[in-house]
């Protein structure tokens, strides 16, 4: 199982992903520079978090034009596993792989803390078998998911809301929404369910010494 971790200037969570995948989950993960044009030989892709190009214009806007992203789009369209985490989620929306957009947090401040999320979809590659609430970190300035009413209705009707912010008991309400995201959305899926975009950082929750291992439930799905 070979996993590509996309490296772009400012993608400062690539090393976290590398450690989690190689050292904690036993995968064979390698960095792939954003100017590369091929993902040949890889079985899955991680587009990690960070602040690519300083989040100029919008989070992920410039990085979404990198040469490797066209290959990520092709990879996703073939039905293979792709996860975009935080800034990676922003990149996937900017590239049109996932619908909607990520904008400034409702409080207009950077948020860095742990939150609870729960799977809404229960059947996709990324959520199947996850029945419990997960505690994972967030660290973002532009993490508020928005979309027009038609898109939100589509996501709901097609069961494409992967994760929602919730309380420790699994209750989904505005009280547990850290950034003002519509529908408390923490992560969404593409139509085929092989692409996940999420704001929380599962790669930072893969070791007890770092505060928990709930992130393994998600990243282990890269094995298919």
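The values are calculated or read from the model by the stated rules, or taken from the named source; none is laboratory data. In this text the structure is predicted, and so the values were computed from the model without any measurement. In this analysis, Cβ positions are derived from the backbone assuming ideal geometry, glycine residues included, and neighbour counts consider all displayed protein chains.
Mind listing just one residue for me: the one in segment 12-23 that is modelled with pLDDT of 95 or more and either closer than 19 Å to residue 68 by Cβ or in contact with a helix residue (DSSP H, G or I) (Cβ under 7 Å, 6 or more places away or on another chain) (or both) and, of those, surrounded by the fewest Cβ atoms within 10 Å (Cβ to Cβ)?
Step by step, filter segment 12-23, then rank; the result is 15.
Return the residues of segment 142-167 that are surrounded by fewer than 19 Cβ atoms within 10 Å (Cβ to Cβ) and either within 16 Å of residue 199 (Cβ to Cβ) or in contact with a strand residue (DSSP E or B) (Cβ under 7 Å, 6 or more places away or on another chain) (or both); say none if nothing qualifies.
146, 167
Do the conditions hold for residue 5, that is, is it in contact (Cβ under 8 Å) with a residue 60 or more places away in the chain, buried (at least 17 other Cβ atoms within 10 Å of the Cβ) and not in a helix (DSSP H, G or I)?
Spelling it out, it is not the case that residue 5 is in contact (Cβ under 8 Å) with a residue 60 or more places away in the chain, buried (at least 17 other Cβ atoms within 10 Å of the Cβ) and not in a helix (DSSP H, G or I).
Kindly establish whether residue 107 is in a loop (DSSP other than H, G, I, E, B) and crowded, with 19+ Cβ neighbours inside 10 Å.
Criteria not met by residue 107.
Could you say which residue among 60, 54, 26 is surrounded by fewer than 19 Cβ atoms within 10 Å (Cβ to Cβ) and either closer than 21 Å to residue 141 by Cα or in contact with a strand residue (DSSP E or B) (Cβ under 7 Å, 6 or more places away or on another chain) (or both)? Spell out the reasoning first.
Numbers: 60 fails: surrounded by fewer than 19 Cβ atoms within 10 Å (Cβ to Cβ); 26 fails: either closer than 21 Å to residue 141 by Cα or in contact with a strand residue (DSSP E or B) (Cβ under 7 Å, 6 or more places away or on another chain) (or both).
Within the list 60, 54, 26, the selection yields 54.
Identify all residues within segment 173-195 that are assigned to a loop (DSSP other than H, G, I, E, B), surrounded by fewer than 19 Cβ atoms within 10 Å (Cβ to Cβ) and free of Cβ contacts under 8 Å to residues at least 40 places away in the same chain; write none if there are none.
Selection gives 173, 191.
So which of 98, 92 ends up being surrounded by 19 or more Cβ atoms within 10 Å (Cβ to Cβ), under 25 Å from residue 177 (Cα atoms), in contact (Cβ under 8 Å) with a residue 24 or more places away in the chain and out of contact with any helix residue (DSSP H, G or I) (no Cβ under 6 Å at 6 or more places or on another chain)? Reasoning before the result, please.
Details: 98 fails: out of contact with any helix residue (DSSP H, G or I) (no Cβ under 6 Å at 6 or more places or on another chain).
When all the criteria are applied, what remains is 92.
Considering only residues of segment 38-61 that are over 16 Å from the mean Cα position of the chain (by Cα) and in contact (Cβ under 8 Å) with a residue 60 or more places away in the chain, which is nearest to residue 22 (Cα to Cα)?
The qualifying residue nearest to residue 22 (Cα to Cα) is 43.
What are the residues in segment 101-133 that are touching a helix residue (DSSP H, G or I) at 6+ places or on another chain (Cβ under 6 Å) and farther than 19 Å from residue 65 by Cβ, if any?
125, 126, 130
Within segment 196-224, track down each residue that is in contact with a helix residue (DSSP H, G or I) (Cβ under 7 Å, 6 or more places away or on another chain), part of a loop (DSSP other than H, G, I, E, B) and farther than 20 Å from residue 144 by Cβ.
Passing the criteria: 206, 215.
Here is a yes/no grid of residues against (1) over 26 Å from residue 1 (Cβ atoms); (2) over 13 Å from the mean Cα position of the chain (by Cα):
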{"site": "63", "(1), (2)": "no, yes"}
{"site": "70", "(1), (2)": "no, yes"}
{"site": "84", "(1), (2)": "no, no"}
{"site": "91", "(1), (2)": "no, no"}
{"site": "100", "(1), (2)": "yes, yes"}
{"site": "104", "(1), (2)": "yes, yes"}
{"site": "110", "(1), (2)": "yes, yes"}
{"site": "121", "(1), (2)": "no, yes"}
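Return the residues of segment 65-84 that are in contact (Cβ under 8 Å) with a residue 24 or more places away in the chain and either touching a strand residue (DSSP E or B) at 6+ places or on another chain (Cβ under 7 Å) or part of a loop (DSSP other than H, G, I, E, B) (or both); say none if nothing qualifies.
Residues satisfying the conditions are 66, 68, 72, 75, 76, 79, 80, 81, 82, 83, 84.
If I ask for residues that are under 14 Å from residue 181 (Cβ atoms) and surrounded by 21 or more Cβ atoms within 10 Å (Cβ to Cβ), which ones from segment 119-141 would you list?
Selection gives 120, 138, 140.
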